[in-house]
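The values are calculated or read from the model by the stated rules, or taken from the named source; none is laboratory data. Just so it is clear, the model here is predicted, and its values are computed rather than measured. Quick note on the areas: whole protein, heavy atoms, side chains included, nothing else; ligands and nucleic acids left out. Shrake-Rupley method; radii C 1.70, N 1.55, O 1.52, S 1.80 Å.
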Amino acid sequence: LRHDLVIKTPSRLPSTELDEIVCSIAATDNAGNELQELALESFPLSLDLQKEGLMSAGLATQLLGRVPGDNVTFSEDGINYKISIHQVNKKELPQLDDELARMCGLDSLSVLKEKIYEEWRARNAARIRRELHMTVRKQLADANPFAVPPEWVEEYKERVRSLAQNADDLLQQETEFARVYAASDYLLELIEAKFPEETKLSDVELISYAREELGTSGVKPEDYIRVLIAKGQYDSWVLQQKKTKTMDWLISRSANNSQPAIG
């Protein structure tokens, strides 16, 4: 958060790896053709590779130690660069205090910390739940071998067909993903049919699942559900939440060391 609200101050000192450079870039290929996609005017470039990761180490090296007014020419990977440096901005992180909180529209640092913790908790709760659910799905699929329908495989092939690298590995991953979901969806429906009372979904639980999806966005769950209805997505969303309820129920049985009945 402090990085997002960084204070930038123009400087005449040589640029360092923590600074930002405002520059104009022109580039040509080895045949002398201009590369329009790299033609940039007054473009801010952060030299903080660790944080940004947006440009090559070679380009960053060429711009270190520069001052406003410098012109840099160099070549890398078949591209010839001409860079004019207009400004060097020294970056300073704001203090972790009430002023930082006010920059975020909050009253104090303590309120900001509570807000950050609330969002962190919501994000991690959702992540942990997804991981648990995926574990349940895989256990169901592994315990009950299920042949993936050819149309599923074809769908995932299309998704990775255009990728030039590791297409086979990706296809294998996606096919495994399809196998787990195809088998577990089928088995979850059987469980719902066998234990209708335990897996029955109430309106209160639907609101709760909607609230979890929304996290700290501030959107009311009731409004979110109304949007789903308006878009014609409500029925499919409810089916998805029924599976969520069933998996939650399976997890609760596991937590109580309760063994499911054979068959």
Practice problem: Tell me, rounded to the nearest percent, the portion of alpha carbon pairs in the chain spaced more than 29 Å apart. | Solution: 61 percent
Quiz item: Against the longest alpha carbon principal axis of the chain, how many degrees, from 0 to 90 and to the nearest 10, is the axis of helix 221-230 turned?
Solution: 80 degrees
Practice problem: Enter the angle in degrees (range 0 to 90, nearest 10) between the Cα long axis of helix 203-214 and the first principal axis of the Cα atoms of the chain, meaning the one along which they spread out most. | Solution: 20 degrees
Quiz item: Excluding ligands and nucleic acids, what accessible area in Å² is computed for ARG127 using a 1.4 Å probe, to the nearest 10?
Solution: 90 Å²
Quiz item: Under a 1.4 Å probe, what is the accessible area of the range 1-117 per residue, stated in Å²?
Solution: 63 Å²
Self-check item: Sequence of LEU1, LEU250, LEU112 from largest to smallest accessible area, 1.4 Å probe
Solution: LEU1, LEU250, LEU112
Quiz prompt | Protein accessible area in the chain, 1.4 Å probe - carbon and sulfur % | solution = 52 percent
Exercise. Keeping all protein chains in place, calculate the accessible area per residue for the range 169-220 (probe 1.4 angstrom), answer in Å².
Key: 61 Å²
Quiz item: Once you wrap a convex hull around the alpha carbon atoms of the range 1-155, what is its projected area averaged over all directions, in nm²?
Solution: 16.0 nm²
Self-check item: Helix-derived mean residue ellipticity, 222 nm - over the chain, DSSP H n ≥ 4, -39500 (n - 2.57), to 500
Solution: -17000 deg cm²/dmol
Exercise. Just read off the accessible area of LEU206 with the full protein assembly in place, 1.4 Å probe, to the nearest 10 Å².
Key: 10 Å²
Quiz item: Hey, what angle do you get for helix 109-143 against the long axis of the chain, alpha-carbon based, 0 to 90 degrees rounded to 10?
Solution: 50 degrees
